[in-house]
Each structure stands twice: as C-alpha cells, then as structure tokens.
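See below for the structure under consideration.
The values are calculated or read from the model by the stated rules, or taken from the named source; none is laboratory data. Being a predicted model, the structure only gives us computed values, none of them experimental. As a convention, Cβ positions derive from the backbone with ideal geometry for all residues, glycine included, and neighbour counts pool all protein chains shown. Only protein heavy atoms, including side chains, enter the accessible area calculation; ligands, DNA and RNA are left aside. Shrake-Rupley method; radii C 1.70, N 1.55, O 1.52, S 1.80 Å.
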Amino acid sequence: MNIDRDKIIATVSKELEIDKRKVENSVSLLEEGATYPFIARYRKEVTGSLNEVDIENIDKTYNYYLELEERKISVMESIEEQGKLTDELKDKIYHCMKKSELEDLYLPYKPKRRTKATIAKEIGLGPVAEMMLADERIDDFENKLKSFTDKEKNLNSAGDVLEWAGYIVIELIKENASVRKFIRNEGNLRGIIKAEIRKNAADSNGKYEMYYDYSEPAKSIPSHRFLAINRGEKEKILSVKMTFPDDRIIPYVEKIYLKPNGFEEYVERLIKIAIKQIELSVETEIRNDLFQKSSDEAIVVFRSNLETLLMKPPAGEVRILGIDPGIRTGSKFAMIDKYGNLLSFGTIYTEKSDSAFENAKQTIIDVVNKYSPEFISIGNGTYSREMYDFISSIIEENNFSCVPVITNESGASIYSGSPVAREEFPDLDITIRGAISIARRLQDPLSELVKIDPKSIGVGQYQHDVNQKDLKKSLDDTVVSCVNHVGVNANTASWTLLKHISGFNERIAKSFVNYRNKTGAFISRNDFKSVPYVNDKVFELSAGFLRIPQGENPLDASGIHPESYDIAEKIAKKLNVQLKDLIGNEKLVSTVNPKDYTDDKRGLPTIIDIINEL
C-alpha cells in the first residue's frame with residue numbers, strides 16, 4: 001500500500017473547507033522548505049492569498065493524515081505477516097479516518113504480552129468461549145464443561161473451566177472495534193468529569209476549593225477548568241475520574257454478546273467486567289483528547305498575548321533610563337542611548353535611610369541632567385508603584401521633560417542570566433543586565449523580547465499546564481510571524497533577531513552578523529548571497545524581510561521581494577520618474593492600475609502588495 005497523497009489533500013481540503021488546489025499548492029511549498037510568513041506574503045497567487053493561520057492549519061492537518069496513512073501501512077503489514085488480513089479488514093483500515101479507531105481495528109492483532117486469555121486459548125478453552133457466546137441453547141452444559149477439566153492444567157472443576165474461558169470472552173469484547181467506538185462516543189457525548197478532594201490532601205490556600213466536589217459533562221467543560229483540575233490532580237490535591245452512561249452502554253454490548261444459551265448469568269457479569277476495562281482505557285483517551293483540546297484553546301490565547309507584547313509600538317530611537325525596582329538590595333538603573341548602547345549604570349537605595357533616599361534622588365537628577373532621557377522605563381515587579389511615584393516626584397520637582405513608564409519585566413531575570421546577555425555584557429552584574437533589558441523593552445520590544453524563551457515572558461495563567469511541545473512551537477511560530485511582519489534592518493539587527501527571519505536559523509544568523517562585522521554594512525540585498533550558508537533557497541525565503549534603509553537600490557528598504565523589482569521599475573518607467581521619487585509619493589502611486597502589470601507569475605495580489613509598499 002502506497003501513501004495516497006491526493007486522498008490526504010482531499011481530506012484536508014474538506015476538513016478545513018479550503019479549495020483543494022490551494023491546499024495542494026501550500027503543501028508543495030511547505031515540502032520545499034518555505035515558511036508560513038514567506039508563503040503568505042510572497043506566494044499569494046499560488047495559495048489564493050491564504051494567511052499564515054490557514055497555512056499553519058493546512059500543515060498540521062496534512063501531517064496528521066500523513067502520519068495516519070503511514071500507520072495504516074505499518075498495521076496492514078503486521079496483520080498480513082500473521083496471515084489474517086482479509087479484504088473486509090483491509091477496507092475498514094483504508095477508510096479509517098481517526099488514529100484511535102485505527103488502533104481499535106489493530107488491537108486484536110497487535111503483538112501483546114502473554115495474558116490469561118492467551119493461556120486459556122493455549123490450554124484449549126477456545127471452544128468453551130464459543131459455547132458461552134453461541135446463539136443456540138447448550139443442553140447439559142455442566143457435563144460439557146467437565147469434559148474440559150484437566151488436573152495437569154489446573155482445571156479441577158467446571159467452575160475452573162468457566163473462569164478461564166471467561167478471560168477469552170472478556171478479551172474478545174475488549175478487542176471489538178465497534179464496541180470500543182460506541183463506548184468512546186458515549187463517553188464524549190454523555191460522560192461526566194468528576195473531581196473531589198483527596199483524603200488528607202493539603203490545599204492550604206483553598207486554591208482548588210471549587211473542585212472539592214465537582215462534576216461537569218466532558219463535552220462542555222471549559223479549557224481553563226479542565227487544565228485546573230489536571231493541575232490539582234498532578235499536585236495530589238484532587239482525585240479525578242470519568243463516569244460513563246452505563247445505562248446505554250450495557251444494553252448495547254449485551255445485544256451483541258448475551259444469548260439465551262444457558263450461560264447468560266455468567267456472560268452478563270463478564271460483559272460488565274469488559275466494559276469497565278474498556279472504559280478505563282477510553283477514559284485515558286478522552287481525557288488526553290480533552291487535554292489536547294484545552295491545551296490548543298489556551299495556546300491560542302497565549303499566542304495572542306505574546307503577539308500583543310511583541311508588536312507593542314516601540315518608543316524608537318530615543319534615550320531611555322531603565323530601572324529594575326528593589327527594596328533590600330536596592331534598585332538597579334541603566335542608561336542607554338538611542339541605539340540601545342549602555343551609557344551609565346548603578347544602584348540606588350530608597351528605603352534604607354533618609355540619607356540613602358536623598359542620595360538616590362540626587363543620583364537620578366544627575367543622570368537625567370547628564371543624558372536627557374526621553375523616557376524612564378520602570379519594571380513592573382515588586383516595588384514598581386513606589387518607584388514610579390519616586391521618579392514622578394523628581395520629574396515634577398525639577399521640571400524634567402522625560403516620561404515615566406511602567407514596563408512589563410517578565411523574563412528579564414531569565415535574559416540576565418542567559419548566554420546571550422553574558423555575550424552582550426560579560427563584565428556586568430546580572431542585575432544591571434536586567435535594568436538594561438527593561439530600558440530596551442520600551443525602546444524596541446520586539447528586538448529585546450526575542451532574546452528570551454517566549455515561555456519565560458509570562459504569556460498566560462495556565463502556560464505550564466498545557467502541552468509544552470505544542471506551546472513551544474506555537475510561541476516560536478508567533479515570534480517568527482511578528483519578526484517577519486515587521487522586517488528587520490539588515491545592518492543593525494542582532495543575530496538573536498535575525499535567527500527568526502524566514503529561512504534563517506541560529507547558524508545562518510551568526511554567520512550573517514560575522515560577515516557584516518568583517519566586511520561592513522550591506523549596500524545591496526544581492527550582497528546577502530556572499531554570506532556563508534545563504535544559498536539561493538535561503539536568499540529566496542529571507543530577502544524580502546531583510547531591509548537596507550540607505551541601500552544603493554531604494555527598493556532594498558521595502559518589503560518588495562527582489563524577484564519583483566522589475567515590476568516596480570516598470571511602474572516608475574511608465575510614470576517617467578526615478579524609483580526614489582516614486583516611493584512614498586502616494587498621489588502618484590494611486591494612479592497606478594494593478595492590472596497593467598500582471599504576468600504569468602505575478603497576479604493582482606502581488607501587484608497590489610507592491611503598490612502598497614511603494
């Protein structure tokens with residue numbers, strides 16, 4: 001069985017309600033190594049102007065079904081090796097659309113450890129299990145059971161025979177794919193999540209009080225409550241379980257297996273045992289699915305919070321005094337110039353004594369008089385409000401023009417002790433690095449925050465309770481999206497910022513900076529091709545996001561990709577102006593008709609983007 005790519009594409013198209021051609025083209029670009037930002041920005045004709053979210057959803061969904069198809073091949077090969085792959089089973093596997101249901105189909109054939117059911121089959125009790133499930137009534141079954149007794153096999157009585165044959169029946173029910181599917185569906189639709197406080201649990205702050213005796217339908221439990229319950233269970237404060245609608249499940253299974261053959265009473269008990277065992281297994285699956293769903297929903301919020309932080313408008317090229325407030329160890333300050341370079345730093349004490357307070361006051365006055373900062377950025381941690389009042393009073397008393405701002409300092413301490421911070425400021429105390437970061441966060445939030453693991457910025461209440469692998473990828477993708485949306489100055493960007501550019505990684509980013517340091521500023525985007533590791537593919541993916549503000553070609557400062565410079569040049573030629581006089585001339589650019597410049601490769605979306613950039 002070969003993987004049917006067209007089938008996967010069609011499935012993704014139907015599930016996401018996106019045109020099949022758009023899905024196929026997006027997948028092809030992704031397989032070639034293109035990034036979400038590049039595809040969304042520079043391949044609109046190919047994808048029908050899909051945005052980054054659409055492309056990411058296509059990527060995730062396609063990979064899910066690709067993994068499913070690969071697993072189907074593995075499952076069929078395993079069953080075929082056993083000589084048990086019938087046409088009917090093969091058809092069921094081929095049309096299976098969920099990983100859990102595929103595993104249900106494979107369960108009876110899956111190599112497993114030796115069970116009691118296996119032993120029962122080995123000692124010849126398969127026919128007894130068949131009798132217990134037979135449609136016809138078994139006459140004189142007591143004597144028939146006795147005929148299977150065998151002291152050497154520890155089958156000393158009819159009761160022993162019945163007990164061991166029962167293990168085969170239980171396994172048979174447990175491995176029935178339709179039964180498992182029914183129980184799973186019932187659990188999803190009508191199952192109840194229940195939580196209660198564990199005996200002798202210590203919840204001193206009453207953090208989980210609302211969950212001490214709590215229940216809610218699995219299908220409607222909100223993500224934040226499910227994550228909270230999960231955390232309470234991990235902390236051994238809550239006991240969590242799921243109940244199933246047995247009043248619906250038991251009759252369904254009995255209809256399949258309970259026959260009027262004389263074994264009803266015993267089989268009825270076996271059915272209930274099998275159902276409980278399936279429910280335990282299915283409960284794990286459903287709770288895992290609920291966790292993934294809750295995790296996904298929470299991550300959407302975290303991504304939005306991170307994007308808000310990263311895309312916060314920068315103060316720009318202005319001088320800023322950063323202050324990391326503290327009481328016992330004092331408040332650290334760092335003065336940076338308009339490019340983020342350190343000018344001065346120190347520590348002030350406002351709580352030790354009256355003389356220390358006056359000294360702190362004079363220190364701030366001296367720094368402001370000497371460097372004239374436009375802003376004073378104060379970290380929002382402990383003692384921030386008091387520090388804000390202290391700084392505000394100094395500004396008012398001295399008629400200074402600088403503006404005090406409380407800045408989010410989440411993750412500043414992580415940055416301070418990081419290799420990046422040590423590389424930037426090897427001789428500075430860790431606490432001073434934190435003050436520098438607080439100042440730079442106001443000056444250029446995006447450039448500063450990309451130096452920190454996104455999870456350390458504090459993006460949400462339950463960020464430690466969600467799927468950490470998914471969280472990391474989602475937050476990393478958000479950083480990449482924001483950096484590429486804004487674009488970076490190729491001549492000033494740090495490697496920590498450049499590594500998030502489409503097509504780049506840490507090695508390429510460092511190579512880019514090293515080359516720039518050795519050869520001087522780039523004057524043309526074509527110069528990027530001389531950087532080690534920047535091959536044609538990397539150049540294609542990255543060039544449009546790397547800007548050269550004072551390059552030899554004015555288009556190098558724009559978001560227009562070099563592959564489309566000829567379009568901009570045609571527009572300028574037709575309007576009989578120089579490119580430099582066309583860029584920014586809204587009145588002139590507004591006269592351009594996009595339809596006049598389309599060709600086989602560049603359609604209206606690209607031409608409109610070029611005109612907007614101009």
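Structure data summary
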{"item": "Helix-derived mean residue ellipticity, 222 nm - over the chain, DSSP H n ≥ 4, -39500 (n - 2.57), to 500", "result": "-17000 deg cm²/dmol"}
{"item": "Size of electric dipole in the chain: Cβ of Lys, Arg +1 and of Asp, Glu -1, about Cα centre, debye, nearest 20", "result": "600 debye"}
{"item": "Potential extension, D289-E77 segment - 0.36 nm per residue separation minus Cα distance", "result": "73.5 nm"}
{"item": "Debye log10 I(q)/I(0) for segment 226-367, one point scatterer per Cα, at q = 0.12, 0.13, 0.19 Å⁻¹", "result": "-0.80, -0.85, -1.09"}
{"item": "Over segment 285-414: Rg over Rh, Cα atoms, Kirkwood Rh", "result": "1.15"}
{"item": "For segment 1-86, with +1 on Lys and Arg beta carbons and -1 on Asp and Glu, the positive-most of T35, V53, I73 along the dipole", "result": "V53"}
{"item": "Summed side-chain charge close to G551 - residues other than G551 whose Cβ falls under 10 Å, Lys, Arg +1, Asp, Glu -1", "result": "-1"}
{"item": "Estimated inter-spin distance, E17 and D581, nm [label 7 Å along Cα→Cβ]", "result": "5.1 nm"}
{"item": "Computed E for K144/E264 - FRET, C-beta separation, R0 22 angstrom, nearest 0.05", "result": "0.85"}
{"item": "Set of aspartates and glutamates with alpha-carbon distance to K259 below 13 Å, sequence-local pairs under 8 removed", "result": "E130, D135, E136, E268"}
{"item": "Principal-axis tilt of helix 468-486 within the chain, Cα atoms, nearest 10 degrees", "result": "30 degrees"}
{"item": "Spin-label model distance (nm) - N489 vs N526, 7 Å beyond Cα toward Cβ", "result": "2.5 nm"}
{"item": "Solvent-accessible area of D140 with every protein chain in place, 1.4 Å probe, in Å² to the nearest 10", "result": "90 Å²"}
{"item": "Solvent-accessible area of I273 with every protein chain in place, 1.4 Å probe, in Å² to the nearest 10", "result": "60 Å²"}
{"item": "Options (1) 74, 25, 22; (2) 63, 37, 19; (3) 57, 29, 25 - which one matches semi-axes √(5λ) of the Cα gyration tensor in Å as calculated here", "result": "(2)"}
{"item": "Simple spin-label estimate for Y212 and E32 in nanometres, 7 Å along Cα-Cβ", "result": "6.3 nm"}
{"item": "Equivalent ellipsoid, segment 1-145 (semi-axes from 5 times Cα gyration tensor eigenvalues, Å)", "result": "49, 14, 12"}
{"item": "Whole-number D in µm²/s for segment 341-500 (Stokes-Einstein; Kirkwood sum over Cα pairs; 4 °C, 1.567 mPa s)", "result": "74 µm²/s"}
{"item": "20 Å Cα-Cα threshold exceeded, pairs from K194/K255; K60/K174; K194/K234; K72/K98", "result": "K194/K255; K60/K174"}
{"item": "In Å², nearest 10: area of M131 left accessible to a 1.4 Å probe", "result": "30 Å²"}
{"item": "With at most 15 other Cβ atoms within 10 Å, longest stretch of the chain clear of loop trypsin sites (Lys or Arg not before Pro) (DSSP)", "result": "353-600"}
{"item": "Per-residue ³J(HN,Hα) for segment 598-613, Karplus 6.51 cos²θ - 1.76 cosθ + 1.60, θ = phi - 60°, Hz, x for Gly and Pro", "result": "6, 9, 4, 9, 10, x, 4, x, 5, 5, 5, 4, 4, 5, 4, 5"}
